[in-house]
Structures are given as C-alpha cells and as structure tokens.
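Below is one structure, written out as structure tokens, with a few remarks after it.
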Amino acid sequence: MKARQGSGYREVAPARARRRRIVAPIAAALPIVGLGIGGALPAGASARPHAGGTINVGVIGPMTGPAAEIGTLMSAACASGIHVVNAAGGALGNKLSCDLIDDTGDPADAVPNVTRALATASNLKMTVGLESNTAATTIPLVNNAQIPMFSTNGLVAFDKTTDRYFWRTTPADNQNGAAFAVWAVKEGYKRAAMIFENNIGDQGNEPGVVQGIDHLGGKISINVTIPGDAASYSSVVERVIASHPQVLIAEADPQSAATFFSEYKQLNHGHVPPIVTGTDSLTPDYLSAMEKVLGKSYVTKDISLVGSHIDPGSVAYRAYKAALYASPTVKNPALVLGVGVISSIYDGIVVMSLAMDMAHSTTGSVYNADIEKVTSASPGAVVVHTYAQGLAALKRHKAIDYVGVEGQITFDKYHNSPGNFSASAFNADGSPRSLGVIAGSEVQKLLG
Amino acid sequence: MKLLIEAIGFGIATGAVIALGAVGFSVQFGISNVLNITYGSMMTLAAFVGYAFLQLNVNVWIVMAITSAVIGVASVVFNRILLEPLKRRGTSFVGIIIATVSAAIVLQYAIVVFVGATAHSFGEQSGRTLTVLDLVFTTSQVIIICTTVALMVGFHLLLTRTKIGRAMRATSTNRTVARACGIRTERIIDFTWLLSGAMCGAAGVALAITTVSFDFTLGSTFLIYMIAAAVLGGIGQPYGAMVGGLVVGIASQVAGAYWSPAYQDVIAFVILIIMLLVRPRGLFSAGAVTRRLANT
C-alpha cells in the first residue's frame, strides 16, 4: 500500500494489486485462518483508536479486472467522503483513510481477499462498496466482523436481509429495472426489446423491466440474455431486429455492448433504436466504446441512463461536488458526480462518521444503532446536509436528520432506503446531464 | 430456413477469427510440442500493439501485417529466453505448461501496468455489409475469412511441399534424429515460432476488429475457443484447426439463433465433447495425416 500524505487516501499500488490476483490460488487457502482470526477478534472489538488516530474505511470493490472502473468510481466517492469528514476534524477526532480492498469483481476471488483484509487491516471501522457481483459472498464476511457497511449492491435478496450491519441507500436491481420501464414508456416507447448480459448485476434488472412494461401497457418484443465478451452476437442481433423494437432496454459491459451494437448497426442498415440502460454505464469506457460504434450524436442523444436520483440543486450535492473536485486523487469528478449509486458511498461515510460522533464510539457494534438515528426525520431533529453541519449540531446535543446527496434517507426495518430515480444522458465530454426524475413511489407501485 | 442460413454465415465469420488463432496455435503445438498458454496474452499484446499503430493513422490491414511481424519476433524471443532453457534443463511437459501459464499472467498484468485495465477500441472497422444468398458479411469479415483460408493453405503447402516444411515435420517427430540428419533444428524451431507467432498477432488484431472494444482479458477469453478448435481438428493440422474453428463458430451462432444465446458457448463445447468421444484424436487424426504426408 502506498500512503498519500495529506489526502488521507491509501491506494493499492498497481503492482500490489496484480500480485493480489496472482496469489489468489495461494490466498484461497487462507480463509480458514482468516476467519479464525476474525472470529476471535472482530474488528469492532479491537481497541478504540485515540483521537488523532486514523480510521480506515474499507472500499470493497473491483480494483482490478474487467470491472475495475467501478472500483475507480468507488475510490473517488470514498476520497470525497473522507475529505469532508477530515476537513471538519475527523470522526471523533480521528482522520479517515480509504483502504482499497480488491474483490476483483469475482465472488470466488473476493472471499480470500476480503477475509484477509478484515483480519489484517488495522482500525477498519467502516466499509463501503460491496457491489452486486460479489455482495453475496462479501457482505456476510463484513457482517460477521461487525463492521457497518453501506453497500451499493442491487440484489433483491438484500431487500429483506437480517444482517445487522448492512445499510443500503440505493434501490434493488428489480426496482432499477422497473425504473427503466417507466422511463421508456414516458419517452413514448411501448415496444421494448430486453438485452441483458448473463451476470448477476445485469440479470437482476430483468424482472423489474418485465413487470414494469407489463403494468404500463407496453410490450416486450424479445427478451434475450447474452454471454459477455463474445466474438459475435450476430444471430441474436438478427432476432432482436426481427422483433421490431422501438427501444432497446439493455445492460452489458462496454466490450459486449460495443460488439452487440456494432453488429446491430451493420445488420439494421445503420439504424439503432434508442437505448435505455443503467447509470452504472456512465463510464468513460462505455462512452468511448459506444461512441466509436454509434457516433457522438447518437451517444449524446439516444442513450438514457437510469439510476438512483441525485438532486444537483441540493446543499449536500454541492458539498459532495466540492469534495470531489478538492480530492487530489479523483481524476474525473464530473463523471463520478453523475452516478447516483456511487454518491451513496459519500453519504454512507458521512452517516457512519456522524453515527460515531453520536455514539461516542468508533466500535461498529456500538455506533451501528446510531446510523438510523442520524438520518431520522424525527420531530425536533435538525436537518443537516453536510458532515460539518451535523457535527456542529451534535456538539449542541441536538438530534439530527442528515439529508444527503440522494435526498431524505428513510431506512426500513431491513436497513434499505431506495429513494427516487433519475434519467441522465451523456454530454459530449462524458459528463452526465439530467433528463428527468422518476418518483420512487411510482416504481414501488409497479412492483406491488 | 433464412435464419439458419444467416446463422451459418455469422458462424463462418466468427469461426474464421477463431480459426486464425487456432491454426497458429495448432501448428506451434504440433511442431514444438509446447502447449503454449501464453498464446492468449500474446494475442492481447497484439491487440494493443495494433491499437498503438492505429493511433498513428495507419490502415488497419497494414496494422495487422506489422503487428503479425512484431508478435512473430516476440514469440521467437519468448521461446528462446524461457522455453528452450527449460527444455534443456529437462523440464517436464506439464512443467513447461505451468511456465507458460505463469508467463501469460505476467504478460497480461504487464499490459495492464502500461495501458491500464480500461477498455480500448479500434473503432468501427467493419466496412460495408455484403449479402450473398442470405449470408451477411462485412468487408472486414470477408478479409479475415480470406486471410485465414490463405494462411491455412499456405501453412499446409509449407509443411507438405517445401524442404523447410519437411524439416519442420522431422524436427517435430524427433529433434535429435533430425539434428543428426543435418537439419539445423534451432533455426527450424525459431522459424516455427516466428510463423505461429505471426498468426497469433494477426488473430489478436482480427479479434480486436471483431469485438470492436477490448481490454487486457481479450486473448485469455478467446484462447479456450482456439484450443478447442485446434484439438477438435487434430493438433498440428492447419485444416483441422480451420474446421474446428468453423464448428465452434457455427455451433455457437446457430445455438444463439434458435435457443437461448446465453448458452451458445455451452452448446458449442457440448458438440466438441461429443466429437472427441467419437474421434479422440480430432477430426483430422494424426495417423491419417502422417500416412498422407508420407506419400508426398
């Protein structure tokens, strides 16, 4: 690990990250040892750091491999979160530092990597990330270690989880899927083709799209699941074209999407219907791949990216934006700003830090109960939009209600707060521009 | 019926890309007796070398030719530096496979260090769409198919009709005896790695053109298909690798057209297993080919 003085940011150096991948088979033998250590001494039970120490924020995500861009986005959101907390003096006087934990995007590789990190990282008191591809294997590990986590995963299975340390301010994938359907119908398209890659994250959207389109009186012209990174999808593309869709609701990685839509364009005489996809595609990779295939005009006009809503006019958003631009490790803040799911990492770090302040403890098992308290719109609670505001109110012994980048947080008994949705489009420079908002209640209604 | 014909056309186009790599892999394995897993990472390297030349506004087909030469030389160097010393030390067949696996991982992540883990794109290089009797091809697919066929025929003629080809076969059969007969086996091995490496380079660029967007996993993703095609056709047999590639390509596209595309690869590999159960040594078995070659 390479420590960057001043920024409070720790980054996995590339060579180290590669070694993690290379030693995966050896590391696979370690979980038993790691679990033993974790069971004997959960991170939450370790000695409380003195004020002036450092608390590590575990960013659990794909830092290497095909999904590494998600890890980059997560790291940026973490950098912004610790920036605002550290600028206000830290959590209980302790500076925060991002500790990148590479789950490689692969559930099998994730287990030894996360187990090792939980067993060996010092003062690991909060975690963020834990996305869909690896959530099923990493969340139980973190929960067992009694470390509160703000997860960006979209798995429906976590809608009613009993994991005490799990918190989520983003919608489950089926809700995302239903939001895709709502947006497509709002745009006037009633006949949609569904194209989803066969991975856990993308497949999770499918039931919501089907249910949403059906409830809204639309029609699914064809529903295909495609393998990732194939040399050609021509046969599938022909079937999709033959179904005469008005809109393509699609989720796939940049390489697969580029191959698929390149062939679509070739086989459909240069015409590709509008695409509705998720905001997780709001990445330079996706933009670059699609732009070279479909052209800048198409990419900026005909691709809608639907995901968690963030309000650019809110105080919290402005603080988040300022923190992103002020963080020296964030290379493309404009891009990070548009991905709602990622902003939940920023909110999560602020919320967990405020919970530590309220609980007067950095121990996970202690401050976990205060996470709901600092986001509760209870009578008399002072509404705060930044960590500094929240800390000041807590010092005045006030109850607080943190309203973050994604708006009011209202956790249900399973620690989920899905919020609203919004649709965005690419600007020519790759930054997002807002197209509209979809009320969370509208989506919930579709799913019954 | 139209759907089937179209799927076969798409399969031929896909299979040609797989075959391009499979022919080189098969010949390399057949003659040098090394199951070179680094072949996949070499294809990835080729894609990135090609990408670098493409940034200089060089025509994509000239890029393919240049990259082939670069990867051909790189393959010779790789064999000289790593594999030949291992062989001289008496490393077992499996030991050498493990060495190539290790080298593949090292090369793959060396690429990441230099170009990052993000996706890159050759851009749209497919050219015009051509339709012949319901078979739909793009210009780039036609060029790749023709290149594959030409290289396959060239390889076959080289092996069967030339002095150096006979020397390659002799070296493949028994290097010690070949050397005793006056064949300069080191040069023959170098020549084999140069040619098969060039095929590998061409395959890497062809893959990058076909998939449009690619990252550092490109070669390793497709290596398994190329190994399957080579094994299906019979190791060391250029025609076999070509046919194997076409079987894999057509099976996957027909499966994608009629069943769930999610299982198109599964169906292709089920066919592979069934065919190997019927003909364990591949479609073009070594015995039959040896007899045929003996008569040339």
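The values are calculated or read from the model by the stated rules, or taken from the named source; none is laboratory data. Please read these numbers as outputs of a predicted model, since none were measured by experiment. With ideal geometry, Cβ positions are generated from the backbone for all residues, glycine too; neighbour counts draw on all protein chains shown. To get the accessible areas, we keep the full protein, side chains included, count just its heavy atoms, and leave off ligands, DNA and RNA. Shrake-Rupley method; radii C 1.70, N 1.55, O 1.52, S 1.80 Å.
Scanning the stretch A:393-414 for residues that are surrounded by 23 or more Cβ atoms within 10 Å (Cβ to Cβ) and modelled with pLDDT under 95, which turns out farthest from A:A179 (Cα to Cα)? Break it down into steps so the answer makes sense when it comes.
Going through the stretch A:393-414, the residues surrounded by 23 or more Cβ atoms within 10 Å (Cβ to Cβ) turn out to be A:400, A:402, A:404-406, A:409.
Those left that are additionally modelled with pLDDT under 95: A:404-406, A:409.
Details: A:G404: 21, A:V405: 19, A:E406: 16, A:I409: 19 Å.
Restricting to residues being surrounded by 23 or more Cβ atoms within 10 Å (Cβ to Cβ) and modelled with pLDDT under 95, the top hit is A:G404.
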**Study point:** Only one of B:L20, B:L4, B:L35 that is open to solvent by 30 Å² or more (accessible area, probe 1.4 Å) and either modelled with pLDDT under 90 or assigned to a helix (DSSP H, G or I) (or both)
**Key:** B:L4
Check your understanding: Yes or no: A:V236 β-branched (V, I, T) and more than 8 Å from chain B (Cβ to nearest Cβ)?
Key -> no
Revision key, fill the gap. Reported set for the stretch B:50-69 where residues are in a loop (DSSP other than H, G, I, E, B) and farther than 17 Å from B:F214 by Cβ is B:L56, B:N57, B:V58, B:N59
Check your understanding: If you take the residues in the stretch B:217-251 that are touching a Ser or Thr at 6+ places or on another chain (Cβ under 7 Å) and within 12 Å of another protein chain (Cβ to nearest Cβ), which one is farthest from B:I37 (Cα to Cα)?
Key -> B:G249
Exercise for review: Hey, could you check the stretch A:147-176 for residues that are open to solvent by 10 Å² or more (accessible area, probe 1.4 Å) and charged (D, E, K, R) and say which is farthest from A:Q203 (Cα to Cα)?
Suggested key: A:R164
Review point. Of (1) in contact with an Asp or Glu (Cβ under 8 Å, 6 or more places away or on another chain); (2) open to solvent by 20 Å² or more (accessible area, probe 1.4 Å); (3) at pLDDT below 95, A:N427 satisfies all except one. Which?
Key: (1)
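What number of residues in the stretch A:213-249 are assigned to a strand (DSSP E or B) and farther than 26 Å from B:V17 by Cα? Write out each step before concluding.
As a first pass, look at the stretch A:213-249 and keep what is assigned to a strand (DSSP E or B): A:219-226, A:247-249.
Now narrow it down to the ones that are farther than 26 Å from B:V17 by Cα: A:219-223, A:247-249.
Within the stretch A:213-249, residues that are assigned to a strand (DSSP E or B) and farther than 26 Å from B:V17 by Cα number 8.
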Practice item. Would you mind stating whether B:F114 is within 14 Å of chain A (Cβ to nearest Cβ), over 30 Å from A:H269 (Cα atoms) and assigned to a helix (DSSP H, G or I)? Key: yes
Check your understanding: Which of the residues spanning the stretch B:257-283 are assigned to a helix (DSSP H, G or I), within 14 Å of chain A (Cβ to nearest Cβ) and more than 11 Å from B:I8 (Cα to Cα)?
Key -> B:Y258, B:P261, B:A262, B:Y263, B:Q264, B:D265, B:V266, B:I267, B:A268, B:F269
Review point. Which residue pairs have Cβ atoms closer than 8 Å, lie 6 or more positions apart in sequence or on different chains, and pair a first residue in the stretch A:65-85 that is more than 22 Å from A:P107 (Cβ to Cβ) and touching a residue at least 12 places away in the same chain (Cβ under 8 Å) with a second residue that is among the aliphatic types (A, V, I, L, M) and in a loop (DSSP other than H, G, I, E, B)?
Key: A:A76/A:V330; A:A79/A:V330; A:S80/A:V330
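Is at least one residue of the stretch B:161-173 open to solvent by 10 Å² or more (accessible area, probe 1.4 Å) and either acidic (D, E) or not in a helix (DSSP H, G or I) (or both)?
Taking the stretch B:161-173 first, the residues open to solvent by 10 Å² or more (accessible area, probe 1.4 Å) are B:161-164, B:166-167, B:169-170, B:172-173.
Adding the requirement that they be either acidic (D, E) or not in a helix (DSSP H, G or I) (or both) leaves B:162.
Taking every residue of the stretch B:161-173 in turn, at least one turns out to be open to solvent by 10 Å² or more (accessible area, probe 1.4 Å) and either acidic (D, E) or not in a helix (DSSP H, G or I) (or both).
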Check your understanding: (1) buried (at least 20 other Cβ atoms within 10 Å of the Cβ); (2) among the basic types (K, R); (3) closer than 24 Å to A:A87 by Cα: which one isn't true of A:K331, the others all being true?
Key -> (1)
Review point. Counting only residues that are touching a Gly at 6+ places or on another chain (Cβ under 8 Å) and either of a type in the set (S, T, Y) or facing chain B (nearest Cβ under 9 Å) (or both), how many does the stretch A:257-287 have?
Key: 2
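Restricting the stretch A:127-150 to residues that are touching a Gly at 6+ places or on another chain (Cβ under 7 Å) and part of a strand (DSSP E or B), which is modelled with the lowest pLDDT?
Just the residues of the stretch A:127-150 that are touching a Gly at 6+ places or on another chain (Cβ under 7 Å), to begin with: A:127-129, A:131-134, A:144-148, A:150.
Still in the list and also part of a strand (DSSP E or B): A:127-129, A:150.
Working: A:T127: 97, A:V128: 97, A:G129: 93, A:F150: 97.
Filtering first and then ranking leaves A:G129.
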Review point. Any idea how many residues of the stretch A:283-319 are part of a helix (DSSP H, G or I) and open to solvent by less than 10 Å² (accessible area, probe 1.4 Å)?
Key: 6
Exercise for review: Consider only pairs whose beta carbons are under 7 Å apart and that are at least six residues apart or on different chains; among these, list those whose first residue lies in the stretch B:177-189 and is free of Cβ contacts under 8 Å to residues at least 40 places away in the same chain and whose second residue is open to solvent by 100 Å² or more (accessible area, probe 1.4 Å).
Suggested key: B:T185/B:R179
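Given A:I226, A:I220, which one is open to solvent by 10 Å² or more (accessible area, probe 1.4 Å) and aliphatic (A, V, I, L, M)?
Matching residue, one of A:I226, A:I220: A:I220.
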Check your understanding: Restricting attention to the stretch B:118-159, which residues are closer than 22 Å to A:Q266 by Cα, facing another protein chain (nearest Cβ under 8 Å), in contact (Cβ under 8 Å) with a residue 60 or more places away in the chain and surrounded by fewer than 21 Cβ atoms within 10 Å (Cβ to Cβ)?
Key -> B:G123, B:E124, B:S126, B:V136
